[in-house]
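The values are calculated or read from the model by the stated rules, or taken from the named source; none is laboratory data. A quick note: this is a predicted structure, and the numbers were derived from the prediction, not measured. Cβ: placed from backbone, ideal geometry, glycine included. Neighbour counts: every protein chain shown. Side chains are part of the model used for accessible areas, which takes the heavy atoms of the whole protein and leaves out ligands, DNA and RNA. Shrake-Rupley method; radii C 1.70, N 1.55, O 1.52, S 1.80 Å.
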Amino acid sequence: TLLEQVEHPHGLALHDGWLYVGELRGIGRIRFDADTGQVSGPYEHIVSDFSGDGFHQTKTIGFGPDGWLYVSQGSSCNVCVEKDPRRATVMRMQPDGSQREIFATGLRNSVGLDWAPWDGALYATENGRDLLGDDLPPDELNRIEQDRFYGWPFVHGAGMLDPELAKGHESEAARAVPPVHGFRAHNAPLGLHFLRG
């Protein structure tokens, strides 16, 4: 056992001698010796103000080639307009939790994150909404770029307007970035890893 009393841990990342843990309401870190597999010192929270309610509570974390810590936080609902602007996004911050910013939006629940080894671009899987039948909408693989909007909750896949929420949001739907790959509906891709061997 490395840690106890961690709240709903999900995402893990190693960086510069630290083990980072994505928790229900934040991100913590503790010193970690990769040679011995042991932790030391206090466990400290670098973020403690994320919302932890609703449908998608996990926090996926990872360090990009730029040295920033990235975190995805899913939506609080199946399909809705979020009150917390940090929901349904990918965010990033410095390793100590400073300079937090929203990196990309319109991402309902991007549990899988990884960076392409050929150019360092960030990719994320996307779990689409429910209650549109067995065949809609497609789940997605997105190439995540800064300040881009990926459609949720107004559009799904490559321009598929949401029957409940798209009306009145045509301008948002028009600027949505389509996925680079569509998976079968409800495939629920929860992981992503580029092979580097």
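Quick check: at a probe of 1.4 Å, how many percent of the accessible area of the stretch 111-195 sits on carbon and sulfur atoms?
54 percent
Between the alpha-carbon centers of the stretch 63-121 and the stretch 125-144, tell me the distance in whole angstrom.
What the calculation gives is 17 Å, centre to centre.
What residues have an amide H closer than 5 Å to that of residue 177, excluding those fewer than 5 places away on the same chain, when H is modeled at 1.01 Å from N in the peptide plane?
149, 150, 151
Using 17 Å as the cut-off for backbone N distance, which residues of the stretch 77-99 belong to the label zone defined by a point 7 Å from the Cα of residue 167 along Cα→Cβ?
Taking a point 7 Å out along Cα→Cβ of residue 167, the residues of the stretch 77-99 whose backbone N falls under 17 Å are 80-81.
Before rounding to the nearest 500, sum -39500 (n - 2.57) across all DSSP H runs of length at least 4 in the chain and divide by the residue total; then give [θ] at 222 nm in deg cm²/dmol.
Computed ellipticity for the chain at 222 nm equals -500 deg cm²/dmol.
Could you run the Karplus curve 6.51 cos²θ - 1.76 cosθ + 1.60 with θ = phi - 60° over the stretch 61-68 and give me ³J(HN,Hα) per residue in whole Hz, x for Gly and Pro?
Values per residue, Gly and Pro as x: 10, x, 9, x, x, 7, x, 7 Hz.
Would the stretch 1-73 count as rounded, prolate or oblate if I go by the C-alpha gyration tensor, calling it rounded below 1.5 in a/c and otherwise prolate when a/b exceeds b/c, oblate otherwise?
oblate
With every protein chain left in place, what is the accessible area per residue of the chain in square angstrom, probe 1.4 Å?
Heavy-atom SASA per residue in the chain reads 50 Å².
With the Cα gyration tensor of the stretch 109-197 giving a ≥ b ≥ c as the square roots of its eigenvalues, does the rule (a/c under 1.5 for rounded; else a/b larger than b/c for prolate; else oblate) give rounded, prolate or oblate?
oblate
Multiplying the sequence separation of residue 130 and residue 158 by 0.36 nm and subtracting their Cα-Cα distance, what value in nm do you get?
Taking 0.36 nm per residue and subtracting the Cα distance, the gain is 8.4 nm.
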